[in-house]
Amino acid sequence: MATKTKTTEATALPLNQILAGDCIEVMRSLPECSVDLIFADPPYNLQLRGDLHRPDNSRVDAVDDHWDQFSSFASYDQFTREWLAAARRLLKPNGAIWVIGSYHNIFRVGAALQDQGFWILNDVVWRKSNPMPNFKGKRLTNAHETLIWASKQEASKYTFNYEALKALNEGVQMRSDWVIPICTGHERLKDEHGDKAHPTQKPEALLHRVMVATTNPGDVVLDPFFGTGTTGAVAKMLGRDFIGIEREEGYRKVAAERLSRVRRFDASALEVSGSKRAEPRVPFGQLVERGMLRPGEELYSMNNRHKAKVRADGTLIGNDVKGSIHQVGAALEGAPSCNGWTYWCYKREGKMIPIDILRQQIRAEMEEPRPN
Ligand SMILES: C[S@@+](CC[C@H](N)C(=O)[O-])C[C@H]1O[C@@H](n2cnc3c(N)ncnc32)[C@H](O)[C@@H]1O
């Protein structure tokens, strides 16, 4: 992917580049309200004390790097508040952020997010299908990490590709616990000695799901703690633009080399299943106006326990209850709400047909190309 710049009023946006330096300073230098999504995998502040060994006495390659060390919780909190403020400034009004962490830091990050005005949408448990065992047997196996997904503010119209996630999950609504293996095998980047190039390289599958769920092709995704560039690699494959920030030169090199090998998927494969909510609204009255259903015609509940009559103004009457298809359905079922489109059927030649079929016909007409 060639590097490019998107020019905004004040400054150009350095797209598809890895920026060197401290992410707080770098983010402050970028134009505000310019980024669609931020994915952040900050230092976890693991506070490891001494080496950790396996039962065979081999040393565990734990995260004890200098970039993960903070003198106190207070200094970690200060750092968190500063990078979150710089990140929030960069987000477009409808932008969102994902932050991943473990029990060491995620609760502190969660509080800071809320204090800064972000609006938490979900927390996702990434359940590791192949976690590292607890070698000492003194605590539970730490088999998950937590991701917090938050919009810039409560009113943000954030991107959520609900249908695409459902499709990824074989037609079942995606839940907030994701079972994904940790990064191993051919995906794990190695240095010239065959050791891990980075201690906390994240699996591409995790980023794939995050990006399919909460971005669209062409969106700008920023990662302030770029490491080996997992965010950039997945963004490139999926036709999103990225901006990476990383302080350590060694990691920047690994990431740049990795990105040079990544190819974008075919553009036609990047379209995802659309959200039903984005489909044009069709009032039930239109079905009546257009003669698809006639005033006086009877509709039947899907469970065949209730019926109601269509009225000329597009409302229903059944059992002395009048109102919209949703209101009458809810009243007859004694339920707080009801989706009338999937609840009501009409009859043709003795067969029950959901009224939603008629709505889909109207929508299909709306999408047909018109002759010039
Ligand atoms: C948890 S790792 C991210 C790993 C990355 N997600 C991956 O898949 O490779 C955090 C990274 O942030 C970098 N880092 C830490 N503090 C930083 C700062 N203030 N500015 C920029 N980078 C920083 C570290 O060097 C480290 O590579």
Inside region 126-144, can you point out the residues that are touching a Phe, Trp or Tyr at 6+ places or on another chain (Cβ under 7 Å) and either touching a residue at least 40 places away in the same chain (Cβ under 8 Å) or under 19 Å from residue 231 (Cβ atoms) (or both)? 126, 127
Odd one out for residue 154 among (1) modelled with pLDDT of 95 or more; (2) within 16 Å of the ligand (Cβ to nearest atom): (2)
Residue selected from region 192-207 under the condition among the charged types (D, E, K, R) and farther than 21 Å from residue 123 by Cβ, by the criterion surrounded by the most Cβ atoms within 10 Å (Cβ to Cβ): 204
Taking residue 9 as meeting all but one of (1) modelled with pLDDT of 65 or more; (2) more than 16 Å from the ligand (Cβ to nearest atom); (3) part of a loop (DSSP other than H, G, I, E, B), write down the number of the exception. (1)
The correct count of residues that are within 10 Å of the ligand (Cβ to nearest atom), modelled with pLDDT of 95 or more and part of a helix (DSSP H, G or I) in region 31-85 is 3
Could you please find all residues in region 223-241 being under 15 Å from residue 35 (Cα atoms) and either outside the structural domain of residue 196 (by the TED database) or within 12 Å of the ligand (Cβ to nearest atom) (or both)? 223, 224, 231, 232
Among the residues of region 191-204, is there at least one that is within 14 Å of the ligand (Cβ to nearest atom), at pLDDT below 95 and assigned to a strand (DSSP E or B)? yes
Could you tell me whether region 182-191 includes any residue that is within 23 Å of residue 107 (Cβ to Cβ) and surrounded by 11 or more Cβ atoms within 10 Å (Cβ to Cβ)? yes
Count, please, the residues in region 162-181 that happen to be assigned to a strand (DSSP E or B), exposed (fewer than 15 other Cβ atoms within 10 Å of the Cβ) and of a type outside the set (Asp, Glu). 1
Taking the condition of being in a loop (DSSP other than H, G, I, E, B), surrounded by fewer than 24 Cβ atoms within 10 Å (Cβ to Cβ) and without any contact (Cβ under 8 Å) to a residue 40 or more places away in the chain, how many residues in region 212-233 meet it? 1
Checking the conditions here, which among 118, 107, 135 is modelled with pLDDT under 90, in the same structural domain as residue 182 (by the TED database), among the aromatic types (Phe, Trp, Tyr) and over 14 Å from the mean Cα position of the chain (by Cα)? 135
Just one of (1) in a loop (DSSP other than H, G, I, E, B); (2) touching a residue at least 40 places away in the same chain (Cβ under 8 Å); (3) in the same structural domain as residue 158 (by the TED database) trips up residue 292, so point out which. (3)
So residue 304, is it outside the structural domain of residue 160 (by the TED database), over 14 Å from residue 346 (Cβ atoms) and exposed (fewer than 14 other Cβ atoms within 10 Å of the Cβ): no
Is there any pair linking a residue in region 246-257 that is closer than 14 Å to residue 42 by Cα to one that is part of a helix (DSSP H, G or I) and more than 7 Å from the ligand (Cβ to nearest atom), with Cβ under 8 Å and at least six apart or on different chains, and which? 246/252; 246/255
Test: residue 259 is within 21 Å of residue 190 (Cβ to Cβ), near the ligand (Cβ under 9 Å from one of its atoms) and assigned to a helix (DSSP H, G or I): no
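The values are calculated or read from the model by the stated rules, or taken from the named source; none is laboratory data. Remember, predicted model here, so these are calculated numbers, not experimental data. All Cβ positions, glycine included, derive from the backbone under ideal geometry; neighbour counts span all protein chains shown.
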